[in-house]
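Reading through the structure tokens given below for one structure.
The values are calculated or read from the model by the stated rules, or taken from the named source; none is laboratory data. Keep in mind it's a predicted model, so treat the numbers as computed, not measured. Heads up, the Cβs are rebuilt from the backbone with ideal geometry, glycines too, and the neighbour counts pull from every protein chain shown.
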Amino acid sequence: MSAPAADRDPYRWAVFSGLFGLYFAFGVVAMSIPPIVGEVRADLGLSRGGMGLALGAWQLVYIATAPPAGRVVDRLGLRRSLAIGALVILASGLARASAGGLVGFWSAIALFGIGGPLISAGAPKVVSTWFSDEHERRFAVGAYNTAPVLGGMATLVLSNSVFMPLTGSWRLTVAFESAAMLVAVTAWLVVTRRKPPTAAMPAPGDGSGGLRSLLADPRVRTVLVLALGFFFIAHGLDGWLPSVLREHNGFSPMAAANWTAVSGAVGIVTSLTLPRRATRERLPILMAGTLVVVALGLMAVVVAPTFLVPVPMVAIGVRYALIPLTIVTLMDSPAVGPRNMGQAFGLFFAVAEVGGVTGPLIVGRVADTAVGFGGALVLVGAVCVLLLVAVARLSRLDADEVGSARAVTGS
């Protein structure tokens, strides 16, 4: 239920700004290498395969480190655990700038996968702790999920146009961009000096269960399936859409980049709007509607004439709302509460990143076959349709919980 205005902590948006800054810098450091891949490869003598291996290092590490990171968040508290995560990400950025070969470069990027989960698992707990109003909480989840996207976009735009000409070195460019995390963690420590309020999430349980208790809950298991699929869709499309538009639809490189950016902008808007409207009753409907829009958009990109492709490209941008909608769903699960929220989201991101790693890999492998990018987009569209089964199960679980609650009230 939404809390009265008088009961809302007036300091909540200051803390949220600190969290947003951490996630923005997260996106900056995560995307620090892709815009300058050519310069890095030439300096370090890396093949395309070696560079690909290094760029995927942090996602692979994430899968293993996210569950223990969630437990660290629950035990150390939000202020310290997120600060530690930020400092590890800062170290990752600086280590990239000083790497001398493939091993050092891979290790530097892999280090991001140790610090990143502390922020990913801690962010939902920050929101649930400081925001007592349900609508504000949902809006905050959508809003902080736009931060890494904005940070990555800023890096893509500024790396070659500003920082490389200014510094004359890819190493100084990466170090300068990594400094964004130093600013962010300093701001985070400043705004979190005040003691947080009692966790405000209106969960039916206290969230005292451990990993086995979480996995035993059918709603949590369904959310994990959705997270796996949603990350597969998001990451599978993110890295390949510009290539799809160029090679399958005949767009120029600039046009492909611009329409991909427009699609991302639509994703930011939907991430800010849909979660706020997502009451527990509406969540399955919004998820299903978003999946249908993405699936239809992908099919249109495959078959539509080139001049019409921008329309479904814009529609596909709604996919960015799927992840915050899933986070809200897990946050509202009866098995998740203030005591185990970090562990719950550590588990969430461990499973989700399996989709994040396999999505780009499978899309690329399918595109290399005779079916090309058209077949790859059909595959992603099929995943969207299959996930409607999990959404339907989530809706049934919600209906059963409502029915049980009414039965108890009636008795």
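A few notes on this one:
- Helices (runs of 4 or more DSSP H) wholly inside the stretch 98-193 that include at least 1 residues being among the charged types (D, E, K, R): 102-130, 134-158, 170-191
- Ala6 being surrounded by fewer than 22 Cβ atoms within 10 Å (Cβ to Cβ), under 27 Å from Leu211 (Cα atoms), of a type in the set (A, V, I, L, M) and at pLDDT below 90: no
- Filter result for Val28 (of a type in the set (Val, Ile, Thr), under 18 Å from Met164 (Cβ atoms) and either in a helix (DSSP H, G or I) or not assigned by TED's automatic domain parsing to the domain that holds Ala99 (or both)): yes
- Checking Leu44, Leu82, Leu94 one by one, the residue that is under 24 Å from Ala350 (Cβ atoms) and either in contact with a strand residue (DSSP E or B) (Cβ under 8 Å, 6 or more places away or on another chain) or of a type in the set (A, V, I, L, M, F, W, C) (or both) is Leu82 and no other.
- Among residues of the stretch 326-343 being more than 15 Å from Ala123 (Cα to Cα) and more than 20 Å from the chain's Cα centre (by Cα), the one that is modelled with the lowest pLDDT is Pro334.
- Pairs, first under 16 Å from Thr146 (Cβ atoms) in the stretch 254-269, second of a type in the set (S, T, N, Q) and part of a helix (DSSP H, G or I), C-beta under 7 Å, six or more apart: Ile268/Thr146
- Test: Ala95 is under 20 Å from the mean Cα position of the chain (by Cα) and either of a type in the set (Gly, Ala, Ser) or crowded, with 20+ Cβ neighbours inside 10 Å (or both): no
- Of all residues making up the stretch 45-73, the number that are part of a helix (DSSP H, G or I), modelled with pLDDT under 90 and small (Gly, Ala, Ser): 5
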